[in-house]
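The values are calculated or read from the model by the stated rules, or taken from the named source; none is laboratory data. Nothing here was measured: the structure is a model prediction, and the numbers come from that model. We place every Cβ from the backbone using ideal geometry, glycine too, and count neighbours over all the protein chains shown.
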């Protein structure tokens, strides 16, 4: 997570972001309904605040230039490679598109052993997951460790009972000014899984009955426990707890195909987006009241100082939906760059890509956006 104010010389970063619909006060929140595109003239202000607004597609989106893969002449011939990731603008960013000097072990052995790039995925029934975390251009250039982390886990045992299991998908973004935030982000991903695995049945019941109050209570207990784990780890190592500061964003998905609602809980900044029928719906969960600007907030909430989360139920999910949970290394350019939205619309709007293709697509480059980038994407299939 970078904390510098974006340079306006590189062009506007902002885009209209909207929240997921505010949950109803009762146990039964209203289903997510994607309305027609609204304007200031057609809808009252209160309705505009709570209804998800589609991000309009570019009028004439330029298709990404992808090298054509010629079929191999025989089984022993390797296929052509995709090459460097595509980019917006007339020329690529100045940073090299791949890793540079490795992190030095003598200065930070814990950071040195963190891989530059992680890619993961899963399939369960009609659900398909792709996930990746990539060290940003700036951290590569300065031989600094990746501060982001990503996690894809099933909660619950092999026989979770009548409530079924829960898929936990998460991303964490270490605060840029915290010297050991790369350790904090890894630790919170591990500890949130450790805590919530014991409550898998309760989470599944809360999702099935759409009981947001019960779900929030479990989530806040987990976040408080994770914050204590960060403090203990820091003090045991002789560091300040703030040195491990990190954000956290988690998507909970019931594995029972009959349950179509999902839950998101967040501490700090980042993003979540829905791609439905070729239209992007952007959401800045945890942003200030009103519409988000897409600009990084240097005062973002972070663990271990913040010990409560914002939790929201949303749904129903529809076949073909793609839900994206990400750090601000993706959410910020996605909100402000039409070229990126168009490219990812084409890349992710159909069948789920394979792991190598997903990693290549996630690294779409935009000038001046050089932070770590992590995302977990969920493709909803037919139940």
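Structure data summary
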quantity: Residue check for residue 191: in a helix (DSSP H, G or I), at pLDDT 95 or above and farther than 29 Å from residue 104 by Cα; calculated: no
quantity: Qualifying position, being within 24 Å of residue 230 (Cα to Cα), modelled with pLDDT of 95 or more and assigned to a helix (DSSP H, G or I), among 329, 342; calculated: 329
quantity: Failed item, numbered, when residue 312 is tested on (1) at pLDDT 95 or above; (2) part of a strand (DSSP E or B); calculated: (1)
quantity: Residues that are outside any strand (DSSP E or B) and in contact with a strand residue (DSSP E or B) (Cβ under 8 Å, 6 or more places away or on another chain), drawn from the range 167-179; calculated: 175, 178
quantity: Per-region count, the range 298-320, residues surrounded by 20 or more Cβ atoms within 10 Å (Cβ to Cβ) and either in contact with a strand residue (DSSP E or B) (Cβ under 6 Å, 6 or more places away or on another chain) or more than 15 Å from residue 173 (Cβ to Cβ) (or both); calculated: 8
quantity: Counted residues, the range 158-177 - those being in contact with a helix residue (DSSP H, G or I) (Cβ under 8 Å, 6 or more places away or on another chain) and at pLDDT below 95; calculated: 5
